[in-house]
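J.: I have a structure I would like to understand better, so I am pasting it below and will then ask my questions one at a time.
The values are calculated or read from the model by the stated rules, or taken from the named source; none is laboratory data. All figures in this text were calculated on a predicted structure; none of them were measured in a lab. Cβ: placed from backbone, ideal geometry, glycine included. Neighbour counts: every protein chain shown. Heavy atoms of the whole protein, side chains included, go into the accessibility calculation; ligands, DNA and RNA do not. Shrake-Rupley method; radii C 1.70, N 1.55, O 1.52, S 1.80 Å.
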Amino acid sequence: QVQFVESGGGLVQPGGSLRLSCAGTGFLFSRYLMGWYRQAPGRQRELVASITRDSSTTYVESVKGRFTISRDDAKRTVYLQMNSLKPEDTAVYYCNGAWGSVNYWGQGTQVTVSS
């Protein structure tokens, strides 16, 4: 059974930092393209960052230079380090694992950036 355990979300002031973690079980983690998506109220879900199995990364333009995605295949975990957070980063953040036509999703973790 595929399962993701996400953690690290919360409330932070503008300019602050958070680190999201997502541990996946029930599938061959190291084979998968892993990503973080987010969805703000009234908006479509968007890809924030992704990392391939050889650790090549991509980022949406709005987070470049502020967010860093990484993975530890031994721990079956993908991370999203978020620095210099802005109110517009407020959203539910979802972990995703993709391989071919297979897609697995985490339950989401809320990130709120507010003073």
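J.: Looking at Gln3, Gln39, which is the one that is at pLDDT 95 or above and open to solvent by 30 Å² or more (accessible area, probe 1.4 Å)?
T.: Being at pLDDT 95 or above and open to solvent by 30 Å² or more (accessible area, probe 1.4 Å) holds for just one of Gln3, Gln39, which is Gln39.
J.: Only one of (1) touching a residue at least 60 places away in the same chain (Cβ under 8 Å); (2) under 12 Å from Ala98 (Cβ atoms); (3) over 13 Å from the mean Cα position of the chain (by Cα) fails for Gly24. Which number is that?
T.: Exception for Gly24: condition (3).
J.: Taking only the stretch 100-111 into account, find how many residues are in contact with a strand residue (DSSP E or B) (Cβ under 7 Å, 6 or more places away or on another chain) and open to solvent by 40 Å² or more (accessible area, probe 1.4 Å).
T.: Qualifying residue count, the stretch 100-111: 5.
J.: Checking the conditions here, which among Ser17, Ser30, Ser55 is over 13 Å from Tyr94 (Cβ atoms), of a type in the set (Gly, Ala, Ser), touching a residue at least 24 places away in the same chain (Cβ under 8 Å) and open to solvent by 60 Å² or more (accessible area, probe 1.4 Å)?
T.: Testing whether each residue is over 13 Å from Tyr94 (Cβ atoms), of a type in the set (Gly, Ala, Ser), touching a residue at least 24 places away in the same chain (Cβ under 8 Å) and open to solvent by 60 Å² or more (accessible area, probe 1.4 Å) leaves just Ser17.
J.: Kindly list the number of the only condition in (1) within 14 Å of the chain's Cα centre (by Cα); (2) modelled with pLDDT of 95 or more; (3) farther than 16 Å from Val111 by Cβ that fails for Gln81.
T.: (3)
J.: When residues of the stretch 78-115 are filtered for being among the hydroxyl-bearing types (Ser, Thr, Tyr) and either touching a helix residue (DSSP H, G or I) at 6+ places or on another chain (Cβ under 6 Å) or over 20 Å from Gly24 (Cα atoms) (or both), how many remain?
T.: 5
J.: Taking the stated definitions as given, is Ser7 touching a residue at least 24 places away in the same chain (Cβ under 8 Å), within 13 Å of Gly106 (Cα to Cα) and among the small types (Gly, Ala, Ser)?
T.: Yes: the conditions hold for Ser7.
J.: Okay, next question. Tell me, yes or no, whether the stretch 60-82 has at least one residue that is open to solvent by 30 Å² or more (accessible area, probe 1.4 Å) and touching a residue at least 60 places away in the same chain (Cβ under 8 Å).
T.: yes
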